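The values are calculated or read from the model by the stated rules, or taken from the named source; none is laboratory data. Remember, it's a predicted structure, so these values are computed and weren't measured experimentally. Note that we place each Cβ from the backbone using ideal geometry, even for glycine, and neighbour counts take in every protein chain shown.
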2 protein chains.
Amino acid sequence: MARDRLIYLPLGGAGEIGMNAYVYGYGPEGAERLILVDLGIAFPDMDSTPGVDVILPDISWLTDKLDRLEAVFITHAHEDHVGGVGHLSPHLKTPIHARKFTANLARRKLAEKGQDVGLVKTAHPWPAQIEAGPFKVGFLPVSHSIPESAALVIDTPAGRIIHSGDFKIDRTPVVGEPFDDALWAEVARGGVRALVCDSTNVFSKHPGRSEAEVKPNLEPLVKSAKGMFVATTFASNVARLQSLAKAGEAAGRSICLMGRAMRRMTEAAVEEGILTDFPKTISPEDAASVPRENLMLIVTGSQGERRAASAQLSRGKYFGMELKDGDTFLFSSKTIPGNERDVAIIMNNLSELGVDVVTEADGLYHVSGHANRPDLETVHQLVDPQIVIPMHGEHRHLREHAKLADRLGRVGVLAPNGTMVDLAGNQPEVVDHVETGRTYLDGSELVGQFDGVVRDRLRMALNGHAVVAVMVDDDDEVLEDTWVDLRGLPEMDKGGPLADRMEDYLARQLARIDTRTAGDDEKLEDLIIKGVRKVAQDEVGKRPEVTVLITRLAAE
Amino acid sequence: MARDRLIYLPLGGAGEIGMNAYVYGYGPEGAERLILVDLGIAFPDMDSTPGVDVILPDISWLTDKLDRLEAVFITHAHEDHVGGVGHLSPHLKTPIHARKFTANLARRKLAEKGQDVGLVKTAHPWPAQIEAGPFKVGFLPVSHSIPESAALVIDTPAGRIIHSGDFKIDRTPVVGEPFDDALWAEVARGGVRALVCDSTNVFSKHPGRSEAEVKPNLEPLVKSAKGMFVATTFASNVARLQSLAKAGEAAGRSICLMGRAMRRMTEAAVEEGILTDFPKTISPEDAASVPRENLMLIVTGSQGERRAASAQLSRGKYFGMELKDGDTFLFSSKTIPGNERDVAIIMNNLSELGVDVVTEADGLYHVSGHANRPDLETVHQLVDPQIVIPMHGEHRHLREHAKLADRLGRVGVLAPNGTMVDLAGNQPEVVDHVETGRTYLDGSELVGQFDGVVRDRLRMALNGHAVVAVMVDDDDEVLEDTWVDLRGLPEMDKGGPLADRMEDYLARQLARIDTRTAGDDEKLEDLIIKGVRKVAQDEVGKRPEVTVLITRLAAE
């Protein structure tokens, strides 16, 4: 009889930063009992996913095997780890385990979608363990940029796995649990088969800095500001919110939180007993009557999101607040790669208003939530696993991290999304490649990455769209009044209206065709598409998308 | 009689990094004689300008006053300064002055468009001066990241202006002219009314570094590489190309240039006597037979451009070259903000091929071509103008630079695009605000920013496009066979094909309307658009763009 396998299979997160979803399985080949770690989302962009609301991992490999799925475990409450539960948990129908702060936010997501919040089970931290088929899973507290982050200690018959989740080594995290070297050492003591490890900052060569380093820089900045002081950061960074609010309080300012995520996060943190001495806040309505030099806003939208509070404030009045010459706006955040342009738009808007913008450029007002390269080395050594599997990174991050593991004398495994690795044997072995991809939430529909819906939108965005309506009578003669309508194409060229020129060209062409062509939808459509594209190319140098509507008139 | 005015009016470049175009004028109000400095382009992106080929400044203010335009002066051959000459010079019909390398490239642009290359006049450097109406203009050599960059010394009856162009203080630029402090001091000696000055790097606090610092880092890197060595940089950075090629030569590698811009730039530099000892290069065809460890490719596409050599090589075979495990790829360039995502795609593709990617992250393999903040201070002091007008920057750069000028005891003028400043009086005075904007080259057409063409494309990209064809008979009765065709919308929802459901809905609606509605195109269209959007919103949560084609059948 073949031995049981211990499989690792990333469905998302290993090849991108976003939409984390990692499967572990144990049992005979093809009959492994399964657990899923994290169920996150990624965010759309105009370059590849215009109009898409949310990007989810394609979990069809898993939904085909629901009878084998024991449970879902969520490491922490960032959207790229928990954001998918509202959209996908109806497809999984399985308990979702998370620590209390994360569970609080996961339940809100299910409630928003009208789903059963009872699916979410609150987990106690290590040494508590949850049995899930052949697995025993413990939530090992770890420092990150959100409260109650956890690594997972996954005990299996083939040994212990530590799945790091997102983490940094922070011994003074301001709010929540410090990184506990002794606890990690204890968990590692019996030997660890594999460390599955965050790779985000593998290219950052300096040791990471503590959240506590930010606070002393904030106070003098806020104190020296003259007008209104506005700060934006990631709403989930509750420690930072507290540091900002306390700096405001120390400067004699009233604190007002703006933005839905900001209120949701602080609410959850208060409900779960994590935030205990957050300064008193006032509502935007009350803030309007506070002199601006006595006011501090803490707002959402540090990544330039167009509907969030930062962007709204940069464009004008928002909830009665209006920024002006002499105010200060602090980005207590880094710009995630890809968001530079949107953030710059806000900074320039603020500049036009005369607002002084302060950024994290000098490293004073922000620290990262992920372990840098030296910290990764520390954790490799502390856990001392046989195998290191880099996750949570683009391909280049995973590759660099695997090389680092090799260099430190362990077996580094490069396993991007879809790579099934068996960890039960003497050496890790890639045993399968599974098709993975992205599912788009588009409006209220889940649309596959290759369904063509988004591709068509991209093509219309690049090329414009010409629509042609043509009528054919019951003798297969094309009637004369062919109609062309253009969207997203220059309407006039030197020769006059472009649509008119297309109609003229088609009229000449269609007058010449035989009834065999006119009687065949496909041939007729093909001819019209070619004709429209030829005129567009000749006249305005574009090759539009073309839709042809052929109406065949029946004999009366 | 009113005194003459000396006006400064940026039409592009002051409020963005790109499409530089600065007007100077001298004379009585409304009758000033004019010159234009630079005529550049900006590059489109999917966020705001999908499908656009090139973005040009809207120069209609100037084309309305062609009888007053004396000449165009181009400071250097970067696309954001010279890129517009092929597209816009037919509208200007005026001589274009530039130094020989810049003129060479400007002539190529005119020739490509079949235009008169005789418009381009080769200018000698300072102390030569060109008379243009009331102006005398001299090309003052300055170091930058392209050969023969020049500041312009613009002498007017109201005093001397120095228009810096793009520059850095580089006393060892590898190729071309070093920054010449003595020459600048000499030009400034008689007093300078205004310094109009590059603002790109005003937020960079450390002194700029010399091009010569890159070369010694390249040699050991190339020597230590095992497989093929590929380097990308800005094609126009001829000094860098030479440093790269020499490092390759020193490592015993044959040099092959790939990419059109790379060949165009080196050709122009050789023709104009700027590159005199560039190592011998081989063609891609010959390179294919060179062992990979003896080969170095220098390629275009450092900004992730999808059709350039870097992107092509990262995706597979290109001109017979194919990268593989053990090769090295160097980005000897910085990523311009906004291009991060495209560059990351290439890096990840290369990582998948097993190629080691080296970046400028540690500052070893790239230096900027623009003056940093301390260098700007040096130049303010060296030129000692009465007025400093920041240009070449986003609003936040201009504002910061103006504040810097104020702090150093001069008059800083914040003058974004469209701000007309009179420099002839005791104090600079904003005398007008002119409408400026962007013109899109879309295919072969020039399209205005607010013409709606690109806006329609963006809307289709975000919302999808539904097309409805409906026929109305000569009694104003809507015929039954209404047809709906969808692009970029989820085609199926839980209830079946979406287009069918729209057709059913419309059929029910249209059966109920009176002939007054059916007889009125606008009312009928409005009804159909609302109906289609309602079904789309209810069924799939989207609000598509809708095009309605109404065909009215005439009585036979």
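Note on the range A:175-205: residues that are buried (at least 18 other Cβ atoms within 10 Å of the Cβ), within 14 Å of another protein chain (Cβ to nearest Cβ) and assigned to a loop (DSSP other than H, G, I, E, B) total 3.
When residue A:2 is tested against (1) on the phi > 0 side of the Ramachandran plot; (2) free of Cβ contacts under 8 Å to residues at least 40 places away in the same chain, only condition (1) is not met. The number of residues in the range B:442-465 being touching a Gly at 6+ places or on another chain (Cβ under 9 Å), in contact (Cβ under 8 Å) with a residue 12 or more places away in the chain and not in a loop (DSSP other than H, G, I, E, B) comes to 12.
Take the residues in the range A:436-454 that are at pLDDT 95 or above and polar (S, T, N, Q); name whichever of them is farthest from the chain's Cα centre (by Cα). My answer is A:436. Of all residue pairs spaced 6 or more apart or on separate chains, those with beta-carbon atoms under 6 Å, a first member in the range B:536-551 that is facing chain A (nearest Cβ under 7 Å) and under 12 Å from residue B:490 (Cα atoms) and a second member that is charged (D, E, K, R) and surrounded by fewer than 23 Cβ atoms within 10 Å (Cβ to Cβ) are B:540/A:445; B:540/B:493. Kindly indicate whether residue B:457 is modelled with pLDDT of 95 or more, buried (at least 22 other Cβ atoms within 10 Å of the Cβ), in contact with a strand residue (DSSP E or B) (Cβ under 8 Å, 6 or more places away or on another chain) and more than 9 Å from chain A (Cβ to nearest Cβ). Criteria not met by residue B:457. Each residue in the range B:398-429 was checked for being touching a residue at least 24 places away in the same chain (Cβ under 8 Å), charged (D, E, K, R) and either in a loop (DSSP other than H, G, I, E, B) or farther than 15 Å from residue B:377 by Cα (or both), and 2 pass.
Quick one: would you say residue A:254 is among the hydroxyl-bearing types (Ser, Thr, Tyr), buried (at least 18 other Cβ atoms within 10 Å of the Cβ) and more than 25 Å from residue A:304 (Cβ to Cβ)? So residue A:254 fits the description; yes. Taking the range A:23-138 as the region of interest, none of the strands (runs of 3 or more DSSP E) fully inside it holds 2 or more residues being more than 19 Å from the chain's Cα centre (by Cα) and polar (S, T, N, Q).
If you check A:208, A:259, which single one turns out to be on the phi > 0 side of the Ramachandran plot, surrounded by 19 or more Cβ atoms within 10 Å (Cβ to Cβ) and of a type outside the set (S, T, N, Q)? Break it down stepwise before answering.
Numbers: A:208 fails: on the phi > 0 side of the Ramachandran plot.
Answer to the selection: A:259.
Return the only residue of A:388, A:379, A:413, A:431 being on the phi < 0 side of the Ramachandran plot, in the same structural domain as residue A:64 (by TED's automatic domain parsing), in contact with a Pro (Cβ under 6 Å, 6 or more places away or on another chain) and of a type in the set (Val, Ile, Thr). Every option except A:413 fails the conditions.
The residue pairs whose first member lies in the range B:48-62 and is over 19 Å from residue A:465 (Cβ atoms) and at the interface with another protein chain (Cβ under 9 Å from one of its Cβ atoms), whose second member is among the β-branched types (Val, Ile, Thr) and surrounded by fewer than 24 Cβ atoms within 10 Å (Cβ to Cβ), and whose beta carbons are closer than 9 Å, counting only pairs six or more residues apart or on different chains, do not exist in this structure. Considered as a group, the residues in the range B:374-395 that are in a helix (DSSP H, G or I) and either acidic (Asp, Glu) or within 14 Å of chain A (Cβ to nearest Cβ) (or both) include one that is surrounded by the fewest Cβ atoms within 10 Å (Cβ to Cβ), and that residue is B:377.
Out of B:512, B:438, one residue alone is charged (D, E, K, R), away from chain A (no Cβ under 14 Å) and in contact (Cβ under 8 Å) with a residue 40 or more places away in the chain. It is B:438. Scan the range B:156-175 for residues that are under 18 Å from residue B:382 (Cβ atoms) and among the hydrophobic types (A, V, I, L, M, F, W, C) and the total you get is 4. For the range A:262-287, a residue qualifies if it is farther than 15 Å from residue A:332 by Cβ and of a type in the set (A, V, I, L, M, F, W, C), and the qualifying residues are A:268, A:269, A:270, A:274, A:275, A:278, A:282, A:287. For the range B:352-366, filtering for residues that are within 8 Å of chain A (Cβ to nearest Cβ) and in a helix (DSSP H, G or I) leaves 1.
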